[in-house]
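Here is the structure we will look at, set down as structure tokens.
The values are calculated or read from the model by the stated rules, or taken from the named source; none is laboratory data. Please read these numbers as outputs of a predicted model, since none were measured by experiment. Counting neighbours? That spans all protein chains shown, and the Cβs are built from the backbone with ideal geometry, glycine included.
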Amino acid sequence: MSSPISAWSHASQERVQTILDSYPEPRSAIMPLLYIASLEHDRVSPEAMRQVAELTGVTPAQVASVASFYTMFKRDGVGEYLVSVCTSISCFLRGADDVLEVVEDATGARRGETSSDGTFTVEHVECIGSCGGAPAVQVNYELIEGVSTDNGRKLVAWLKDTKPQVVLADEMQQLFGGSRSFDWGGPEPEGAIAPVPAFGPYGSSGEGR
Amino acid sequence: MADADQVTITINGIDHVVAAGQLLITAAENIGEIIPRFCHHDKLEPVAKCRMCLVEVEGPRGKALVPSCTMPVSNGMVVDTKSAVVTKAHEGVLEFLLINHPLDCPICDKGGECPLQDQAYAHGPGESRFVEEKRTYLKPLPVSDLVLLDRERCVLCDRCVRVADDIAGDPLLVFTERGNAVQIQTFPDEPFASYFSGNTVQLCPVGALTSVDYRFKARPWDLHHVTSVSLVDTVQSTVDVQTSRGKIVRVYGVENDAVNEGWLSDKDRFVFPAIHADTRVVQPLVRNGERFDKATWGEALEIVASRLGSCKGAEVAAIGGAHNTNEDAFALGKFMRSVIGSAHIDAQIGDGLDARLAAAVTSRARLGDLDAASTILVWGPDLKEVLPVLYLRVRKATRNGATLVVVSPVATGLDSVADHVVRYRAGTGSELLRKLGAGDGDLVGARSALREGPVVALVGRTSLAEDPNLAESIAAFALSLPEAKILPLLERGNVFGALDMGLAPGLLPGRVSVDSQEGVDAIEDAWGPLPDHEGLDAMSILADLVEGDMSALVMVGSDPVSDCPDPQLARAAIEAADFVVAIDAFITDSSVLADVILPAAVWGEVDGTVTNLEGRVQRIRPSLLPAGQSRALHGLLDDIASQMGADLGTSDLAMISKEIASVAPSYAGITIDYLTFAGDPDGVVVPIEDAQQPLVYTPVDRPVPVVTGEFTLHLAASLYDAGVWLSNAAALGDLARSAYVRLHPSDAARRAITPGETIVVSGSHQLPVALDDTVSRGTLVVPHNLEETKGFVATPTVTVDTVRGEE
């Protein structure tokens, strides 16, 4: 019987095999595979969940049960850049609501929505662990700390104008960030190439620019 | 403390000695202290989801609230189930559970029998502080063709999810949107199409899951309950048949742990609307050329009596009786043998097993033996399709650690829980059996598993196309295994009861062989002389009818044209017969060819006893009067006998019951009265210990030829086929699958057959193809008795032709 993912890119198919090989129980691979599936389908579509179910030997319903719990598995499509503004307590006290409003204004997308040209999706998120660098913003899950309203507007304009293939936390922090929560150490060479986090073999990591 | 198996616990200040190892909620229940609960259920793994069963248990750091459904009892445990703290906890939990509950009890099917309603009265705060708007969802949401979901009523107890996943093995219902909007859901476009979906409706502790059939039909307090037995298959699950205003509206499973443990298949549960279908035959019909005329019973019986009476005994045969009660089957056997004078009688239609193997195999297993088995061998039909509740029992045994060996030409429902799956090309079973016995090659694992006793072997025919002698060889092999017991697998309702009542050539009532002079003498003392010719089985009867050696046929609830391996032969036989009477409730492919149709009372209307595949006799009770002018078989046979000038003595059920208990040796003492008033409510197992059973049958390893040819046939049974009951059973009627022929991709490639393409099988049936790499090479899988495969002849090999012209 043909593979459920024969239409996927060769690179994705190889990563799927690597991931499946690294778990004793195939169903443990559901979450990492969902990231790859969402790269292939631009979202975690029903078809993507079906394919992951077949790869892991569970029913599509069981995959949906997992996928619907985690907000980072986007079942509805998102734009090219997913801008997440933290509105939890520390960021809120440091003006996150204003930053969010500025971002909505500049992107033309209300929170939870995607701009009409498909470039931006804006969302507000709960604590992303940067209370020391509040207010914090993520673009495709790459983190920028200490974002002022002014810089929020500039960040969106920069994304619009330069359309970076890869977004890098370090680069954006330098251009639009403020005070950091702590010293993050040396520069990170890899960023995100899609609204899927850039971790290791699971995600969308691309070489820096 | 009494002994190591017991502990002393204190509940509400009173000491109790209880069995160790059980859960606190169960221990409390057993001593009459019912702790409220929603998610807890005896047959499901504990999850402690609903928090309703909180009780106070004293611990090293004082009293604490713990969920009693996950807390095992321990010695010296001090429990308070009624303290102010516990009461407040219960009130709090219920107040939370009711926050989003619509409180629409007056229009809810569950209202009146609802644990949420009952426990809200008993343990709730009486008033809610929640004044905000309740959450609303689209409702009702059909999660399948049979079950509707109301997410607003749901209390998220997880029972349905556990039934679907753990019990049935169909994890199609899940929690989605976990968090604030957590809800039960199916995957889009993938409904809860489980054969066991109805069990979730029965177990749902609120009105969230309701059945399509029962919706708005009745209120619980108006229902009349009758405990009876399902006749859908030979497991004969114990059921609670619920009627309202003269109609069955609902069938629930009864927790008979010896049989079905409360579970039912959806066929058991939802087939009842067929009884009330307006397609039922409710008046005698007499053929008038191409059509049937309605007749009175007097007219019809006179015709039947005179036509049958004008034949010699050996020219009359009867096929059927497997859907009837033991009493009706007994009456049929007595009618044929003593009134007609014919030994040609068969409850099976060439689709079963050797009658002596099925009725009297040595070391016959009980269902409960599966629970204690170390190894289970299943070599027979796909249990999930044929005997679904037995499938659940085998699944349970594997959960408890039994090693499962499944042998079949194609994938079966049990493969996912099997330790060893052995496939073979259909028609080569005897070769495989030899290899399995020797533990050849890759069978070494399966062979060594079978050395771990006790072994329970479930043995039947994998398909109609398989030689029935193979099952005997398998049984003979199985009996050589350590501490082996055998459960013969037959499907049709009360076929084991029918065989026990002697509805087989070569058998007399009570598992007596016609070869036993003692047995024959005993029956002749009661009935007068038995016919002196040898009885023929159904296939020979049909052949003789075609040849003209026989002239009349009595079909009792049987449909040879649909069910026998050679439908063409069956049709030809019925058409060739001088006279055919069908005693049936429906116009079937067979009864439509009859000369007279006598309307028969069916399940739900008949009274008596039935016997399941382990030999357990249970009471089957009527909920209804027979529809229209339908009559029970024993009474109408008695009338035919009177018309023929004979006294059959079967007009009264109690009389038949007494006669069975006296002339059928293995049924000695098992009367309706005994089962009703004195017997175990779970039913009585007919003695299977070898000394008490007159006929002791040890299967022999008969030579079974290996079939060769390009394609050998596997004629696969499915739960939802084109059977007449299903077609007439409202919601179930539409569930029959479409017919696909399945074959291995490499066979398809060799013949350049592509998926979806239509092929001609055996020159008779055009069917679409699906590729399936779980099918053994060289095997063609054809679904049995679907609309598209009606009339398909079960031959060992089949031919395959393409229809796309020259290539």
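Among the residues of region B:504-529, write down those that are farther than 18 Å from B:Gln348 by Cβ and either in contact with a strand residue (DSSP E or B) (Cβ under 6 Å, 6 or more places away or on another chain) or of a type in the set (Lys, Arg) (or both).
Residues satisfying the conditions are B:Gly519, B:Ile523.
What is the residue count in region A:170-192 for residues that are in contact (Cβ under 8 Å) with a residue 12 or more places away in the chain and either charged (D, E, K, R) or in a strand (DSSP E or B) (or both)?
7
How about region B:308-399: which helices (runs of 4 or more DSSP H) wholly inside it have at least 3 residues that are closer than 24 Å to B:Val239 by Cα?
The helices (runs of 4 or more DSSP H) meeting that bar are B:326-334, B:369-372, B:383-386, B:388-399.
Within region B:431-466, restricting attention to residues that are under 28 Å from the mean Cα position of the chain (by Cα) and among the polar types (S, T, N, Q), which residue is surrounded by the fewest Cβ atoms within 10 Å (Cβ to Cβ)?
B:Ser463
Name the residue that is nearest to A:Phe69 (Cα to Cα), counting only residues in region B:167-181 that are of a type in the set (Val, Ile, Thr) and within 9 Å of chain A (Cβ to nearest Cβ).
B:Thr176
Select from region B:139-161 the residues that are touching a His at 6+ places or on another chain (Cβ under 8 Å) and basic (Lys, Arg) and write down the one among them that is farthest from the other protein chains (Cβ to nearest Cβ).
B:Arg153
Only one of (1) under 22 Å from B:Ile587 (Cβ atoms); (2) touching a helix residue (DSSP H, G or I) at 6+ places or on another chain (Cβ under 8 Å); (3) in a helix (DSSP H, G or I) is not met by B:Val286, so which one is it?
All conditions are met except number (3).
Against the condition more than 14 Å from chain B (Cβ to nearest Cβ), surrounded by fewer than 22 Cβ atoms within 10 Å (Cβ to Cβ) and of a type outside the set (Lys, Arg), how does A:Asp117 come out, does it pass?
For A:Asp117, the condition - more than 14 Å from chain B (Cβ to nearest Cβ), surrounded by fewer than 22 Cβ atoms within 10 Å (Cβ to Cβ) and of a type outside the set (Lys, Arg) - is met.
How many residues are under 23 Å from the mean Cα position of the chain (by Cα), part of a loop (DSSP other than H, G, I, E, B) and free of Cβ contacts under 8 Å to residues at least 60 places away in the same chain when one looks only at region B:400-424?
So the count comes out to 5.
If you scan region B:209-250, which residues turn out to be surrounded by fewer than 19 Cβ atoms within 10 Å (Cβ to Cβ) and among the β-branched types (Val, Ile, Thr)?
Listed by number, the residues that qualify are B:Val212, B:Val226, B:Thr227.
Anything in region B:394-404 that is surrounded by fewer than 24 Cβ atoms within 10 Å (Cβ to Cβ) and either under 20 Å from B:Asp268 (Cβ atoms) or not small (Gly, Ala, Ser) (or both)? List them, or say none.
B:Arg395, B:Lys396, B:Thr398, B:Arg399, B:Asn400, B:Thr403, B:Leu404, listed by residue number.
Yes or no: region B:210-224 includes at least one residue that is among the acidic types (Asp, Glu), part of a helix (DSSP H, G or I), more than 14 Å from chain A (Cβ to nearest Cβ) and free of Cβ contacts under 8 Å to residues at least 60 places away in the same chain.
For region B:210-224, residues among the acidic types (Asp, Glu), part of a helix (DSSP H, G or I), more than 14 Å from chain A (Cβ to nearest Cβ) and free of Cβ contacts under 8 Å to residues at least 60 places away in the same chain: present.
Based on what the data block shows, is B:Val201 surrounded by 17 or more Cβ atoms within 10 Å (Cβ to Cβ), among the hydrophobic types (A, V, I, L, M, F, W, C) and either within 14 Å of chain A (Cβ to nearest Cβ) or in a loop (DSSP other than H, G, I, E, B) (or both)?
no
Go through (1) touching a residue at least 60 places away in the same chain (Cβ under 8 Å); (2) under 25 Å from B:Glu614 (Cα atoms); (3) crowded, with 17+ Cβ neighbours inside 10 Å for B:Pro284 and report which single condition fails.
Exception for B:Pro284: condition (2).
Can you tell me how many residues in region B:643-654 are in a helix (DSSP H, G or I) and farther than 13 Å from B:Asp328 by Cβ?
Qualifying residue count for the region: 2.
Wholly within region B:744-807, which strands (runs of 3 or more DSSP E) include no fewer than the required count, namely at least 2 residues that are within 33 Å of the chain's Cα centre (by Cα) and either in the same structural domain as B:Ala411 (by TED's automatic domain parsing) or under 17 Å from B:Ala465 (Cβ atoms) (or both)?
Fully inside region B:744-807 and qualifying: B:765-771, B:779-783.
Given the conditions (1) modelled with pLDDT under 95; (2) among the charged types (D, E, K, R); (3) surrounded by 17 or more Cβ atoms within 10 Å (Cβ to Cβ), which single one is not true for A:Glu80?
For A:Glu80, the exception is condition (1).
Being closer than 21 Å to B:Ala27 by Cα and either in contact (Cβ under 8 Å) with a residue 60 or more places away in the chain or surrounded by 13 or more Cβ atoms within 10 Å (Cβ to Cβ) (or both) narrows it down to one of B:Lys82, B:Lys110, so name that one.
B:Lys82 is the lone residue from the list that is closer than 21 Å to B:Ala27 by Cα and either in contact (Cβ under 8 Å) with a residue 60 or more places away in the chain or surrounded by 13 or more Cβ atoms within 10 Å (Cβ to Cβ) (or both).
Being at pLDDT 95 or above and within 24 Å of the chain's Cα centre (by Cα) narrows it down to one residue among B:Val581, B:Val596, B:Val602; which is it?
B:Val602
Does B:Gly207 count as in contact with an Asp or Glu (Cβ under 6 Å, 6 or more places away or on another chain), more than 14 Å from every other protein chain (Cβ to nearest Cβ), among the small types (Gly, Ala, Ser) and assigned to a loop (DSSP other than H, G, I, E, B)?
yes
Consider region B:139-152. How many of its residues are charged (D, E, K, R), out of contact with any helix residue (DSSP H, G or I) (no Cβ under 8 Å at 6 or more places or on another chain) and in contact (Cβ under 8 Å) with a residue 24 or more places away in the chain?
Residues in region B:139-152 being charged (D, E, K, R), out of contact with any helix residue (DSSP H, G or I) (no Cβ under 8 Å at 6 or more places or on another chain) and in contact (Cβ under 8 Å) with a residue 24 or more places away in the chain: 3 in total.
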